[in-house]
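Scroll down for the structure; my scribbles are underneath it.
The values are calculated or read from the model by the stated rules, or taken from the named source; none is laboratory data. Just so you know, these numbers come straight off a predicted model, no measurement behind them. Here the Cβ positions follow ideal geometry from the backbone for every residue, glycine too, while neighbour counts run over all protein chains shown.
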Amino acid sequence: MILTLKSDTTPQQLQELTAYLNKHHIQHIQVELSRLLVLPKNNAAELTEHFTCIESATHTTQSFPLASLEWKTRTQVAVGNQVIGADDFSVIAGPCSVENEEQIYAVAEYLHSRGVPYIRGGAYKPRTSPYSFRGLGKKGLILLHNAAKTYNLKVVTEIMDLHLLDELMEYADVLQVGSRNMQNFYMLNELGKQNKPVLLKRGMHAKAKEWLLAAEYILSGGNEQVVLCERGIRSFDSDMRNVMDIGVIPFVKQLSHLPVIADPSHGTGDASRVTAMAMAAAAAGADGLMVEIHPLPQQALSDKQQALSFDEFDILLERLNALLPAVNKKAPTQSGVFKLQTL
């Protein structure tokens, strides 16, 4: 059950309500920065009769009530003048990692020319091997921020650890939680207290409802700006880096009001399959894509095998322009299509 309190609820009324819940051993969580109380068990229907400060009580059957479609029909996440989860189809693109000034400015200029409003790039990289390139750190973050500012783009970058939170709050527009941190519940709790959108990637071994429960940690902290991202799961097939779970997109949309985007770069691990899976995700109802691109993919310092070249990304944008009207979406440009003119 979710209790919504009236806007004029006084601290004394709230204290009386919580005292009653504690006295009767009714488990509850007060959502910070909002007028909500979450009661995991729907056993307190009589509350609305005794406490006039309660505006409404919404019964939910899911273990993730705040992320549930039973609670809300649709969430639109505002990122400056852009919105993820609206009628526009959001595209986030950029290199796996920020390597140098020339590289990130070339990507930013290219994205701006195509009408793509978001740039992604890793400054702090989670690598399987400690000897792989792990990013430029704060220097890379500043380069990414400055390039984005020059070309009026929004920055999406990964938060690896809470001690980096202040840096990312200053330089990023969207905080990405990677697959490895999907169940880092202490981090999710802290991100729930921030006023910055969070892009939550699915864990590589996570079930769909575990993914939504991870989102619930953020939502229960009061941050409603959560975007889900399907990025592929592990399977038994040694020939496939990951398996892109297209079916989870409509499934999660049947359960949750949160916008869902797809990352076919990590979902496949192979540039030759990225465009096909991107189109499949869009057709399945995704609200957007996150795609890795690089000016010279073969020279990329990380994940070069899955990065698209600018020419390959142009092909993807061209195909999206053809597909999006069929799924009631459009590009976030004035014309409603992605630009494909020559630089």
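A few comments on the model shown:
- If the condition is being closer than 25 Å to Ala172 by Cα and assigned to a loop (DSSP other than H, G, I, E, B), then the stretch 54-89 contributes Arg74, Thr75, Gln76, Gly80, Asn81, Gly85, Ala86, Asp87, Phe89.
- If the condition is being surrounded by fewer than 16 Cβ atoms within 10 Å (Cβ to Cβ) and of a type outside the set (Ser, Thr, Tyr), then the stretch 324-338 contributes Pro325, Ala326, Val327, Asn328, Gln334.
- Qualifying residues in the stretch 127-169 (those that are part of a strand (DSSP E or B) and either farther than 22 Å from Ile92 by Cβ or touching a residue at least 40 places away in the same chain (Cβ under 8 Å) (or both)) - the one farthest from the chain's Cα centre (by Cα): Lys154
Results for (1) among the hydrophobic types (A, V, I, L, M, F, W, C); (2) assigned to a loop (DSSP other than H, G, I, E, B); (3) within 24 Å of the chain's Cα centre (by Cα), shown as yes or no for each residue.
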{"residue": "Ser272", "(1), (2), (3)": "no, no, no"}
{"residue": "Ala281", "(1), (2), (3)": "yes, no, yes"}
{"residue": "Glu292", "(1), (2), (3)": "no, no, yes"}
{"residue": "Gly336", "(1), (2), (3)": "no, yes, yes"}
{"residue": "Leu340", "(1), (2), (3)": "yes, yes, no"}
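- Any hit, the stretch 229-241, residues being within 22 Å of Leu36 (Cα to Cα), in contact with a strand residue (DSSP E or B) (Cβ under 7 Å, 6 or more places away or on another chain) and surrounded by 24 or more Cβ atoms within 10 Å (Cβ to Cβ): no
- Odd one out for Glu46, checked against (1) touching a helix residue (DSSP H, G or I) at 6+ places or on another chain (Cβ under 9 Å); (2) over 25 Å from Tyr217 (Cβ atoms); (3) not small (Gly, Ala, Ser): (1)
- Those residues of the stretch 32-86 which are at pLDDT below 90, basic (Lys, Arg) and surrounded by fewer than 14 Cβ atoms within 10 Å (Cβ to Cβ), in sequence order: Lys41
- Taken together, the residues in the stretch 7-25 that are touching a residue at least 12 places away in the same chain (Cβ under 8 Å) and either under 14 Å from Glu49 (Cα atoms) or in a helix (DSSP H, G or I) (or both) amount to 7.
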